[in-house]
Structure formats: C-alpha cells, structure tokens
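A.B. asks: The structure is given below, and queries will be raised subsequently.
The values are calculated or read from the model by the stated rules, or taken from the named source; none is laboratory data. Owing to the predicted nature of the structure, the values given are computational and were not obtained by experimental measurement. Every residue, glycine as well, gets a Cβ built from its backbone with ideal geometry; the counts of neighbours run over all protein chains shown.
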Amino acid sequence: MVYMTPEELGWKPYVSGLFRREPSDDLGVVICAPILDQKENVIGILGIFQKAAFDAINDVFARGKQPILCGGTGLYIESLLANYQFSHVPHFLSEPLDIQFPHVVFGLNPSTDERREKITKRLQARLQEGMLEEVQQLLVDGVHPEELRWLGLEYKWMINYIEGHIAKDEFEKGLETAIHQFAKRQMTYFRKMERAGIEINWIPDTLDFQAQRDFILNFI
C-alpha cells in the first residue's frame, strides 16, 4: 500500500474538503479523510473512517489493484498504519478490526514559504470554485450546522460566516491563518509518527514532477 498526499497525485477533493473513493480501471484508488455519514448522523468519527477505509482497501486488493491512501490528517493515516484499537468495539462492528497491510509512506516537505504560498493560493481557488456554496447546500440538504462545525477548521469558519457571526474579510483572513497554523501542526504530527517508528520517505522538494514520480516508483 502506498500513502501519498492529494497534491502528489494531482487529485482534488470536494471543494469543501470531503474526500471520496474513486474507482479506476488501471489502479485501485482509495482517497480517505473524515467521512460524513448522513444515514447514522455521525461525522468524522475515527472508527467509522477506519471501517470505511478498511473495506475500500480490501475491495481494491480483491480486484488485484494497488490501493493508495491519499491524504487525510496524520491522525487518520496513523489510525490505519498503527492499527488503532478502541476501549470497546464500536456499535457498527461485530469484532475489532485487524488492519494489517504492507505499506510504503511518502510525504512532501516544501519550504515554509512555499507551503504558505500554496495554502493561500489553494484557499483562494477553493473559494472561487464554490466552497461556501457547497457548504450552504449541505445545510439546505439537512446537515445540522453543529455537525459541520464539529469537523473543525474550514467548516467552523464557514458556518460562522454563513450565519452572520463574522464579516467576509474576517472570515477569509482568519481561515487562511488557521490553515497555516494547522499545516504547521500537521508537520509536527508527522515527525511524531516518525519517532513512533513509522518511516516516511520524504520526496525531495527540488525534484520536478517526473523525478518525484520516479522517486516513488523506486520504492514500489
């Protein structure tokens, strides 16, 4: 199994940040992040993520393809790599999951200035592509605002703006700052994963796209 970020593959999530599983004729692809489960009215629960990712990965393997877990925060990635167990079996499982897959982990580590520039450009692009409108539609479809707030980060800021608690300028500047801070914390989390024994193959930032691709393929 290969773990990469969306940017490494050139893939895009839903504008608001939710990811989905994408089938492929050539490669079994699993794109995983916090999951919105409207049927059970549960959002972002780590155990539900584990079960959905576990089932999707097994499905890809069963079709003779190579699964790729792309993105998600360090916590969600680690929950699979370290086979997180809970104090009790969740109600949606008959027994604990045994998540044991061979894997190789890759990561990007651009300079701080480059990372900040990319975050700013990506946020501006997501806003132009309809990120706010997408969340407004979720509300129209019946998702409760507090459920979206529970997802944190973008959703908390967007709900506060949509409900009129903050002005547009405060929303955009505040959200951008929050994402920069979150990215910094994620890099700290990935270092923690390394100290815990999870090897991350950091792709040299100086390589062009083709060289980055060759770097990855050398490990597969």
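A.B. asks: Of everything in region 113-123 that's surrounded by fewer than 14 Cβ atoms within 10 Å (Cβ to Cβ) and in contact (Cβ under 8 Å) with a residue 12 or more places away in the chain, which residue is farthest from the chain's Cα centre (by Cα)?
C.D. replies: Taking region 113-123 and keeping what is surrounded by fewer than 14 Cβ atoms within 10 Å (Cβ to Cβ), we get 113-114, 117, 120-122.
Those still in the list that are in contact (Cβ under 8 Å) with a residue 12 or more places away in the chain too: 114, 120.
Numbers: 114: 20, 120: 18 Å.
Filtering first and then ranking leaves 114.
A.B. asks: Where the second residue is among the hydroxyl-bearing types (Ser, Thr, Tyr) and loosely packed, with under 14 Cβ neighbours inside 10 Å and the first is within 17 Å of residue 78 (Cα to Cα) and lies in region 171-195, which pairs have Cβ atoms under 8 Å and are six or more apart or on separate chains?
C.D. replies: From region 171-195, no pairs qualify.
A.B. asks: Residue check: is residue 86 out of contact with any Asp or Glu (no Cβ under 9 Å at 6 or more places or on another chain) and either of a type in the set (Phe, Trp, Tyr) or under 30 Å from residue 205 (Cβ atoms) (or both)?
C.D. replies: Working: out of contact with any Asp or Glu (no Cβ under 9 Å at 6 or more places or on another chain): yes; either of a type in the set (Phe, Trp, Tyr) or under 30 Å from residue 205 (Cβ atoms) (or both): yes.
When the stated conditions are applied, residue 86 passes them.
A.B. asks: While we're on this one: Within region 106-122, is there a residue that is within 17 Å of residue 53 (Cβ to Cβ) and in a loop (DSSP other than H, G, I, E, B)?
C.D. replies: In the first step, residues of region 106-122 are kept if they are within 17 Å of residue 53 (Cβ to Cβ); the result is none.
No, the conditions are met nowhere in region 106-122.
A.B. asks: Tell me, which residue of region 138-167 that is in contact with a strand residue (DSSP E or B) (Cβ under 9 Å, 6 or more places away or on another chain) and farther than 17 Å from residue 123 by Cβ is surrounded by the fewest Cβ atoms within 10 Å (Cβ to Cβ)?
C.D. replies: 150
A.B. asks: Can you confirm whether residue 185 is exposed (fewer than 14 other Cβ atoms within 10 Å of the Cβ), at pLDDT 95 or above and not aromatic (Phe, Trp, Tyr)? Write out each step before concluding.
C.D. replies: Details: exposed (fewer than 14 other Cβ atoms within 10 Å of the Cβ): yes; at pLDDT 95 or above: no; not aromatic (Phe, Trp, Tyr): yes.
Considered against the rule, which asks whether it is exposed (fewer than 14 other Cβ atoms within 10 Å of the Cβ), at pLDDT 95 or above and not aromatic (Phe, Trp, Tyr), residue 185 comes out as no.
A.B. asks: If you check every pair at least six apart or on different chains, which have Cβ atoms under 8 Å apart with a residue in region 69-85 that is under 14 Å from residue 57 (Cα atoms) first and a residue that is outside any loop (DSSP other than H, G, I, E, B) and charged (D, E, K, R) second?
C.D. replies: Short answer, once both residue conditions are applied: 70/8.
A.B. asks: Residue under question is residue 166, and the condition is that it be assigned to a loop (DSSP other than H, G, I, E, B), without any contact (Cβ under 8 Å) to a residue 60 or more places away in the chain and either over 18 Å from the mean Cα position of the chain (by Cα) or closer than 21 Å to residue 77 by Cα (or both); does it hold?
C.D. replies: yes
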